[in-house]
Each structure stands twice: as C-alpha cells, then as structure tokens.
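Asks: Quick one: the structure is below, questions incoming.
The values are calculated or read from the model by the stated rules, or taken from the named source; none is laboratory data. Here the structure is a predicted model, which is why all the values come from computation and not from measurement. Note that each Cβ is placed from the backbone with ideal geometry, even for glycine, and that neighbours are counted across all protein chains shown.
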Amino acid sequence: MRYAINFTPSAADPLTIAASQWLGRNAFSGEAMELPFIRDLGLHEIAFNTAVPRRYGFHGTLKPPFRLVEGVSEAMLLRQMMHFTGQYQPIALPPLEVVRLGNRFALAPAVPCAELNHLAAAVVMHFDSFRAPMSEAELERVDTERLSAAQFANLHRFGHPHVMDEFRFHMTLTGPVGAAEMPRFEAVLKRYFEPILQRRQQLANLALFIEQEPGAPFLVHSLHPLGSVSARRIA
C-alpha cells in the first residue's frame with residue numbers, strides 16, 4: 001500500500017469535475033467518467049493519452065507516493081496530518097494555465113508562488129519520517145542518468161528527484177503526447193480548461209491519496225483543511 005500527500009480541489013469544485021471528465025475517472029469516488037465530446041479530438045485519442053494520469057487522479061503532488069515505514073500506522077499518519085495542517089493557512093494560488101512539461105501537458109501556476117513552494121518543502125520534510133526507504137528494485141527503475149546532481153541527491157534523501165528546490169507544482173493532464181499531436185492537444189486543452197480557470201483556486205487542504213495495491217488506481221482517502229481548528233470553525 002502506498003500513500004501520497006497532494007492538493008486537489010473539493011469533489012464539487014468545477015475544476016475537479018472538468019478534470020475528472022477529461023481524465024475519465026473521479027479520484028474521490030473511483031468511478032469512471034464519461035469523456036467529454038471535444039471538437040478536433042476523438043474520444044479514443046483522449047482515452048489513450050490520459051491513461052497514465054487517469055490512474056493517479058487529478059491532483060498536484062506535494063509528497064510523492066511512499067510506503068509507510070515499519071512501525072508507523074495509517075492512523076498515526078492521519079493524526080500527524082491533522083496536526084500539520086493546523087500550522088498553515090490556505091494559500092491563494094496564482095492563476096493556473098495549461099503548460100507543456102516536456103511531452104506532457106499539465107495545469108501550473110502562471111507565475112511562481114513562494115508560499116506554495118514553502119508548503120511543499122515543509123510537507124516533504126515533515127512527513128519523511130513516515131516514508132519507508134526505497135527498495136533496490138525501486139531505485140533500479142529510476143533513470144538516474146537523466147538526473148542532475150541535485151535531483152540525484154533528492155532521490156536518495158527524500159525518495160524522489162523532483163522535490164525541494166527541484167519542485168514545480170503542476171496538475172498532470174496527459175501522458176506523453178506525440179510531437180506531431182502536441183499543437184492540437186494544446187489548443188484543445190486551452191479551449192476546454194481556460195473558461196474554468198478564470199476562477200482562481202485556493203489551496204485550502206491537503207489530500208491524502210491511497211494506492212491499495214501495486215498498480216491500483218489512486219483514490220482520495222481524506223481531505224485535511226489548512227488552518228487552525230478555531231479558524232476553521234469561524235469560517
């Protein structure tokens with residue numbers, strides 16, 4: 001069983017609904033979603049190119065997937081998440097936009113957000129004691145030749161190369177897209193998401209995602225609101 005600490009809007013948020021339809025699966029319920037009918041893109045093309053992010057569900061990673069270290073229980077992790085989220089206030093995110101990340105597409109902030117980067121680093125550091133060390137098999141699956149020195153150090157210290165100073169917040173929308181198809185996908189994704197992205201997002205919770213067994217789809221286990229208990233009651 002693996003866990004991940006992510007951000008995702010609430011189940012009823014218009015962005016969650018639109019992204020779940022695009023990916024073809026709702027990470028809250030686990031149910032398949034009917035793919036949207038989009039001009040210039042066939043349903044089979046959407047299904048094929050969203051297969052990878054569909055399994056992970058719509059989210060922005062803060063603490064990448066990890067197994068619990070021996071002696072730590074899920075209940076202990078949940079208690080610590082409740083304590084941790086009480087120390088931080090919600091973050092007003094910059095406008096999100098459709099971006100290319102190599103040969104993939106994602107939603108990402110239009111400008112850097114220091115508060116978001118600080119929170120992500122704090123999550124990685126705080127919960128690293130809950131993470132079991134990577135196995136030899138897991139390390140062998142990483143293409144270390146493509147990593148920078150900093151990314152290689154992160155892999156061995158925190159179990160993932162793209163954390164701390166190498167972190168860039170994003171919410172993945174596709175797997176690898178062929179070079180010839182990139183312009184068409186970019187145009188479609190902007191047309192589909194930009195009306196929804198007019199509404200600014202607030203990072204108001206940490207979401208615990210869970211993978212019940214290797215290869216199983218990740219599901220939202222629970223949402224943990226940011227802010228002190230007293231502030232939550234006032235809100």
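Asks: Considering each of 39, 79 in turn, give the residue that is over 18 Å from the mean Cα position of the chain (by Cα), at pLDDT below 95 and basic (Lys, Arg).
Replies: Only one candidate passes the filter, namely 39.
Asks: Given (1) more than 15 Å from residue 167 (Cβ to Cβ); (2) surrounded by fewer than 19 Cβ atoms within 10 Å (Cβ to Cβ); (3) in contact (Cβ under 8 Å) with a residue 60 or more places away in the chain, where does residue 83 come up short, assuming only one miss?
Replies: (3)
Asks: Among the helices (runs of 4 or more DSSP H) contained in region 126-233, which hold 2 or more residues that are surrounded by 19 or more Cβ atoms within 10 Å (Cβ to Cβ) and in contact (Cβ under 8 Å) with a residue 60 or more places away in the chain?
Replies: Here the list reads 182-197.
Asks: Moving on. Give just the number: which of (1) farther than 23 Å from residue 53 by Cα; (2) at pLDDT 95 or above does residue 135 not satisfy?
Replies: Residue 135 satisfies all of (1) farther than 23 Å from residue 53 by Cα; (2) at pLDDT 95 or above except (2).
Asks: Working only within region 2-40, note down all residues that are polar (S, T, N, Q), touching a residue at least 60 places away in the same chain (Cβ under 8 Å) and either touching a helix residue (DSSP H, G or I) at 6+ places or on another chain (Cβ under 7 Å) or surrounded by fewer than 18 Cβ atoms within 10 Å (Cβ to Cβ) (or both).
Replies: 8, 10
Asks: Next up: Which residues, counting only those in region 217-235, are out of contact with any Lys or Arg (no Cβ under 7 Å at 6 or more places or on another chain) and at pLDDT 95 or above?
Replies: Within region 217-235, 219, 220, 221, 222, 223, 224, 226 meet the criteria.
Asks: Next up: How many residues does region 98-111 contain that are charged (D, E, K, R) and either assigned to a loop (DSSP other than H, G, I, E, B) or surrounded by fewer than 16 Cβ atoms within 10 Å (Cβ to Cβ) (or both)?
Replies: Adding up the residues that qualify gives 1.
Asks: Right, here's the next one. Exactly one condition in (1) touching a residue at least 24 places away in the same chain (Cβ under 8 Å); (2) assigned to a loop (DSSP other than H, G, I, E, B) is false for residue 65; which is it?
Replies: (2)
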